[in-house]
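Report on one structure; see the data block that follows.
The values are calculated or read from the model by the stated rules, or taken from the named source; none is laboratory data. Bear in mind that the values here come from a model prediction, so they are computed numbers and not experimental data. Glycine also receives a Cβ, built like all others from the backbone with ideal geometry; neighbour counts cover every protein chain displayed.
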Amino acid sequence: MRRLAHDGVLVVGAGLAGLSAALAAAPRKVLVLSEAPLNRGCSSAWAQGGMAAALSEGDSAAQHAADTVAAGSGLVDPAMARILTEEGPAAVRALAALGAPFDRTAQGGFAQSLEAAHSRPRVARVKGDQAGAAIMDAVAVAMLAAPHIEVRTDHRLRGLLQDAAGRVRGVVVEQEGALVEITASATILATGGIGGLYAVTTTPAELRGEGLGLAALAGAVIADPEFVQFHPTAIDIGRDPAPLATEALRGEGAVLVDASGAHFMARYHPDAELAPRDVVARAIHAEREAGRGAFLDAREAVGAAFPEEFPAVFAACLAAAIDPRTQPIPVAPACHYHMGGVATDADGRTSLTGLYAAGECASTGVHGANRLASNSLLEAAVFGARAGRAAASEAQPEPGRMGRIVAPQLPEPALQSLRRAMSRGAGVVRSAEGLRRLLDDIHRLEAVHGRAPALVAARMVAACALARTENRGGHFRSDAAEGDAIARRTFVRWSDVVAADAWKFAAE
Ligand code: SIN
């Protein structure tokens, strides 16, 4: 196996969290590794909504934090929400200074739009639905110009290097079919979420919880893995991944109707289309299950302005022969965001020395059980930069003996079978029976293919969803007991999941 010693910080993943970490680690040397070419294969570049931040007069970080806490159904860590919202405006301004072309008001301020569960318009957007792509273009240009950063694409994360004391000392990557060990003073996982574990997802399909699975196998504490956010309005045109119809459309007044054209959201929540995302996702799920169908009707709210105001949604619809200026858009809930992840402190430190995590693969506690819309790019920028600064201060450890965790890969047919099982068992509506069936499926796949990171991540989600017998935020059980009086986050190690599973399976 080839070996490479990097004297500095390793960042695995090139979404907004990874690149923010890399930029902030200056002047320390940073090596960024990505499987996909830059700005491909990362959710950040696909984000449509924008970045939530208290940028307008009359708004405040405290109000943004209060909305974040309220959306998270009792599980948001208020100290983390305070950091996110207080550092948010500066993070947006810093991205604007790098060249991200946020929409502006006539006075030159940031134009702010409304999304669900925000108490006021607060989302800084770029040309309607172009925020993610435009921000990532600006950040990638800055990163390529930064002398302390080297980027290598076509490097796929396959494992972690760990010394006898448990310190993470680097990674094992696959490049052109060969495994390469890369050691470093600190490793930041910014590997994204788990959308690719679900049959219907709005995220790049290659995001399958690899970072989370490997960190779990290395013994890291994982937080809240059962909390998965389903976006209510993926465009239901049979594409994988499913294109998104941004929530900003509902912010502009688009309405949800069934196949007969009847509005249905008022039956589910007083805030109707602008109810929390989990409520809207379940309403759409219920309408579809009842055979009535679900469509987003933006004819009146957006109409002729569609190509100009929402070019990505417009293009996706036209490609499926739907003209959203004159036709309602068929929609379905899809896996969109993982609130759970590798547990970190406010500076991205995980429970394993030398290992940091940022962005969707991390769980800072800022999203609780249900992420507030457009807080994810913000979290990636704010906490990515914090992780980069902290990791840069890690000294190069003494050379020593290391073990390596290189997990097997899941072959494509097995992955597709896992995706279907996850959507069935750990989707918008869950039950003990469905989750047990899912765990059986995962066990069967594991018996044949070994502990692939995708299976480890899936099992963390399923086992913790089974253990959480209440309804909270994005986690909804049709067989739920009363909600727990005291909201508690999940903190769990892989060994706990294996032990609990063994006990449960032995008992049945
Ligand atoms: C959207 O544009 O609807 C998604 C925004 C988000 O996930 O925060």
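Annotations
- Within the stretch 21-48, being surrounded by 24 or more Cβ atoms within 10 Å (Cβ to Cβ) and assigned to a loop (DSSP other than H, G, I, E, B) holds for Ala25, Ser34, Cys42, Ala47, Gln48.
- Subset of the stretch 414-453 that is in a helix (DSSP H, G or I) and among the basic types (Lys, Arg) - its residue that is surrounded by the most Cβ atoms within 10 Å (Cβ to Cβ): Arg419
- When the stretch 299-318 is limited to residues that are touching a residue at least 40 places away in the same chain (Cβ under 8 Å) and farther than 27 Å from Asp278 by Cβ, the one that is farthest from the ligand (Cβ to nearest atom) turns out to be Glu308.
- Taking the stretch 204-295 and the helices (runs of 4 or more DSSP H) fully enclosed by it, no element has 3 or more residues that are in contact with a strand residue (DSSP E or B) (Cβ under 7 Å, 6 or more places away or on another chain) and of a type in the set (Lys, Arg).
- Hits in the stretch 136-150 (condition: surrounded by fewer than 20 Cβ atoms within 10 Å (Cβ to Cβ) and not in a helix (DSSP H, G or I)): Ala146, Pro147, His148, Glu150
- Within the stretch 192-203, considering residues that are assigned to a loop (DSSP other than H, G, I, E, B) and within 12 Å of the chain's Cα centre (by Cα), the one farthest from Leu160 (Cα to Cα): Thr202
- Residues of the stretch 62-83 satisfying the condition of being touching a Ser or Thr at 6+ places or on another chain (Cβ under 8 Å), surrounded by fewer than 22 Cβ atoms within 10 Å (Cβ to Cβ) and of a type in the set (S, T, N, Q): Gln63
- In the stretch 49-59, the residues that are within 17 Å of Ala100 (Cα to Cα) and either under 16 Å from the mean Cα position of the chain (by Cα) or surrounded by fewer than 24 Cβ atoms within 10 Å (Cβ to Cβ) (or both): Gly49, Gly50, Met51, Ala52, Leu55
- Any hit, the stretch 236-247, residues being modelled with pLDDT under 95 and closer than 20 Å to Ala369 by Cα: yes
- Being closer than 30 Å to Leu19 by Cβ, buried (at least 23 other Cβ atoms within 10 Å of the Cβ), modelled with pLDDT under 95 and within 16 Å of the ligand (Cβ to nearest atom) holds for only one residue in Ala369, Ala373, and it is Ala373.
- Residues of the stretch 296-342 classified as within 30 Å of Gly213 (Cα to Cα) and in a loop (DSSP other than H, G, I, E, B), total: 2
- Qualifying position, being more than 16 Å from the ligand (Cβ to nearest atom), touching a residue at least 60 places away in the same chain (Cβ under 8 Å) and farther than 19 Å from Ser376 by Cβ, among Ala106, Ala97, Ala142: Ala142
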